[in-house]
Amino acid sequence: MDIPRLTRHLMAGTWQTRRAFSTQVLRVIERAIGQTEQMHAGEIRFAVEGSLPLSQLLAGHTARARAVEVFSQLRIWDTAHNNGVLVYVLLADRAVEIVADRGIDALVDQRDWDTICNAMQAAYGRGEFEQGSVAGVHAIAQHLALHFSPTESTINELPNVPVML
């Protein structure tokens with residue numbers, strides 16, 4: 001058992017998550033998602049979680065495993081072209097994970113997603129939650145724009161509002 005990780009998760013409070021991702025920051029992220037979705041026909045969802053539930057911690061769940069679970073819960077896979085992308089932030093672990101549906105995952109190398117995650121984590125480490133999030137959304141949008149051009153019939157299939165878990 002990883003005692004320092006367990007302690008971080010148990011000590012993480014809602015107030016810390018709300019301080020990092022205030023209502024204003026969430027609105028800015030929502031606007032960034034909406035603006036960038038004009039550039040492509042993909043779908044971006046953003047989810048923030050302060051800490052994992054104790055049962056998942058004790059079972060050894062990773063941020064990646066939780067991100068995959070949230071991807072399913074938010075039904076990001078339920079897009080016409082399988083081009084949904086989840087940005088999952090787990091604050092207690094200082095982790096950012098990107099989970100992409102099979103339509104875009106087959107076209108973008110995991111190293112590209114990892115580069116975006118690392119840049120976001122570095123920004124968060126400097127306390128730049130708004131800037132890091134917006135930069136991450138823009139970087140994801142660039143990949144989506146390369147492979148999923150918007151058309152006149154492109155619709156917004158998933159909400160742009162970030163989810164606080």
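The values are calculated or read from the model by the stated rules, or taken from the named source; none is laboratory data. In this text the structure is predicted, and so the values were computed from the model without any measurement. Methodologically, a virtual Cβ is constructed for each residue, glycine included, from the backbone with ideal geometry; neighbour enumeration extends over all protein chains shown. Heavy atoms of the whole protein, side chains included, go into the accessibility calculation; ligands, DNA and RNA do not. Shrake-Rupley method; radii C 1.70, N 1.55, O 1.52, S 1.80 Å.
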Quick one: Karplus J couplings for the range 75-92, per residue in order, coefficients 6.51, -1.76, 1.60, θ = phi - 60°, nearest Hz, x for Gly and Pro?
6, 5, 6, 8, 10, 4, 10, 6, 10, x, 10, 9, 9, 10, 10, 10, 4, 4
Find out how many positive minus negative residues lie around GLN110, taking Lys and Arg as positive, Asp and Glu as negative, among other residues whose Cβ is under 12 Å from that of GLN110.
-3
Please calculate the 1.4 Å probe accessible area of LEU10, with all protein chains present, and give it to the nearest 10 Å².
110 Å²
Can you compute 3J(HN,Hα) from phi for each residue in the range 97-111, using the Karplus curve 6.51 cos²θ - 1.76 cosθ + 1.60 with θ = phi - 60°, rounded to whole Hz and x for Gly and Pro?
10, 10, 10, 10, 5, 4, x, 9, 4, 5, 9, 10, 5, 4, 4
Those residues of the range 138-161 whose amide nitrogen sits under 15 Å from the label point placed on ARG31, 7 Å along Cα→Cβ
138, 161
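Calculate, for VAL161 and GLN121, the FRET efficiency according to 1/(1 + (r/R0)^6) with r their C-beta to C-beta distance and R0 30 Å; round to the nearest 0.05.
0.85
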Can you work out the Karplus-derived ³J(HN,Hα) for every residue in the range 29-45? Use 6.51 cos²θ - 1.76 cosθ + 1.60 with θ = phi - 60°, whole Hz, and x for glycine or proline.
5, 4, 5, 4, 4, x, 5, 6, 6, 6, 8, 8, 9, x, 10, 10, 10
Quick check on packing: order 69-78, 55-64 by the mean number of other C-beta atoms within 10 Å, highest mean leading.
69-78, 55-64
Net charge contributed by nearby residues that have their C-beta within less than 13 Å of PRO4 (K/R +1, D/E -1):
+1
Rg and Dmax of the range 12-107, Cα atoms, in Å?
14.2, 42
Count the DSSP beta bridges whose two residues both fall in the chain, then state the antiparallel fraction as a percent rounded to the nearest 5.
40 percent
Measure off 7 Å from each Cα along the Cα-to-Cβ vector at GLN110 and LEU10, then give the distance between these two points in nanometres to one decimal.
3.3 nm
Name the residues whose placed amide hydrogens come within less than 5 Å of the amide hydrogen of PHE46, ignoring near sequence neighbours (fewer than 5 apart) on the same chain.
VAL87, VAL163
Distribution output for the chain: share of Cα-Cα pairs per 5 Å bin in percent, first bin at 0, values 2, 9, 19, 22, 21, 14, 8, 4, 1, 0, 0
For the chain, averaging the sequence separation of alpha carbon pairs under 8 Å that lie six or more residues apart and dividing by its residue count, the contact order in percent is 35 percent
Calculate for the chain the 222 nm mean residue ellipticity that helices alone would give, adding -39,500 (n - 2.57) per DSSP H run of length 4 or more and normalising by residue count, nearest 500 deg cm²/dmol.
-15500 deg cm²/dmol
